[in-house]
Amino acid sequence: MNQQVKRWARAITAMVAGLVAVNAPVFYLWGTTQNGGLAGPTPLGGLLRDWGAQALVILLIYLVADQISRRLLRDRYSLAIGAVLFLAVGGTYEWVAFGGPGVEFGGFAYGWSALADTLALPFALGAWMLWLRTPKPAPDPFAAEVTGAWESADGVLECGSDGVFTLTRAGASTIAGLWESLPGERPQIVLKVVAPTDLGHGWQATVLDLEVSPHGAVLRGAADYRRREAEAALEQSTGYIGAVEIIEG
């Protein structure tokens, strides 16, 4: 959820910055008029209302395009949907605001293209931050240390690189779930399995501390899991007990 909030905040900030950039000449002319002492009411209030309405409409286009993409198209074509909505809303505004069916096609096309040209940069900046900007994954210095097989008296814990773990216990069913590193300087992972709660399906979580030393690695929690050696894996799969001898011919 926090990542979603940051993504939308970046998109809104970029879109507003684009509006300020394309309207900078209007700000300059307004300031020049005020310094020149010309009589008459200032149009700044009306301009700010127009720009606020434009920002709100662009944000609504983002929201609608995002929902259409997410619900109907498996989170694809968000930018294309947004671009089509952007042009359609601009054309509808020109059609309604300047005469409807009575407007001449040339005037309608000119107003539509002028409006689209003015708002294209703010729309594109926000869309880039929302849909095209690839977020950098958070660094995970402990994941490489955790991936692999661990064993204890409680069973064998296998942590896959895809974030899935399996716990195999003698005489009991295998447990599967998700594992991930916890943020912070302390090396920890959490094992999560689906479990019923008073509010419906939820997660049962178990936190394990990772300790790495020259003598090996240990995951400490309710049970201590030590890194499983290759010989133990071979013994488990073949029933062979002893060392592996490589014979060169």
At pLDDT 80 or above and small (Gly, Ala, Ser): which single residue out of Ala39, Ala88 fits that description?
Ala88
Give the residues of region 153-169 that are part of a loop (DSSP other than H, G, I, E, B) and either farther than 15 Å from Ala223 by Cβ or open to solvent by less than 50 Å² (accessible area, probe 1.4 Å) (or both), sorted by residue number.
Gly160, Ser161, Asp162, Gly163
Would you check if Arg186 is modelled with pLDDT of 75 or more and in a strand (DSSP E or B)?
no
Per the filter on region 121-135, residues under 17 Å from Leu63 (Cα atoms) and of a type in the set (A, V, I, L, M) are Ala124, Leu125, Ala127, Met129, Leu130, Leu132
Could you please tell me which pairs satisfy a Cβ distance under 9 Å, a separation of 6+ or placement on different chains, a first residue in region 1-22 that is over 19 Å from Leu115 (Cα atoms), and a second residue that is surrounded by fewer than 11 Cβ atoms within 10 Å (Cβ to Cβ)?
Gln3/Pro135; Lys6/Pro135; Arg7/Pro135
Odd one out for Ala172 among (1) open to solvent by 20 Å² or more (accessible area, probe 1.4 Å); (2) of a type in the set (Gly, Ala, Ser); (3) modelled with pLDDT under 85; (4) part of a strand (DSSP E or B):
(4)
Is at least one residue of region 218-231 surrounded by 14 or more Cβ atoms within 10 Å (Cβ to Cβ), at pLDDT below 85 and either of a type in the set (A, V, I, L, M, F, W, C) or farther than 20 Å from Ala144 by Cα (or both)?
yes
Just give me the residues in region 70-100 being more than 13 Å from Ile58 (Cβ to Cβ) and hydroxyl-bearing (Ser, Thr, Tyr), in sequence order.
Tyr77, Ser78, Thr92
Of these, Tyr77, Tyr110, Tyr28, which one is among the aromatic types (Phe, Trp, Tyr) and modelled with pLDDT of 90 or more?
Tyr77
Search region 88-108 for residues that are more than 17 Å from Asp50 (Cβ to Cβ) and pair each with any residue that is open to solvent by 50 Å² or more (accessible area, probe 1.4 Å) and modelled with pLDDT of 80 or more when their beta-carbon atoms are under 8 Å apart and the residues are at least 6 apart or on different chains.
Gly91/Trp112; Val103/Trp95; Phe108/Trp95
Filter region 143-164 for residues that are without any contact (Cβ under 8 Å) to a residue 60 or more places away in the chain and hydroxyl-bearing (Ser, Thr, Tyr) and give the result.
Thr147, Ser161
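The values are calculated or read from the model by the stated rules, or taken from the named source; none is laboratory data. The model shown is predicted, which means the values in this text are computed figures rather than measured ones. Heads up, the Cβs are rebuilt from the backbone with ideal geometry, glycines too, and the neighbour counts pull from every protein chain shown. Calculation scope for accessible area: heavy atoms of the full protein, side chains included, ligands and nucleic acids excluded. Shrake-Rupley method; radii C 1.70, N 1.55, O 1.52, S 1.80 Å.
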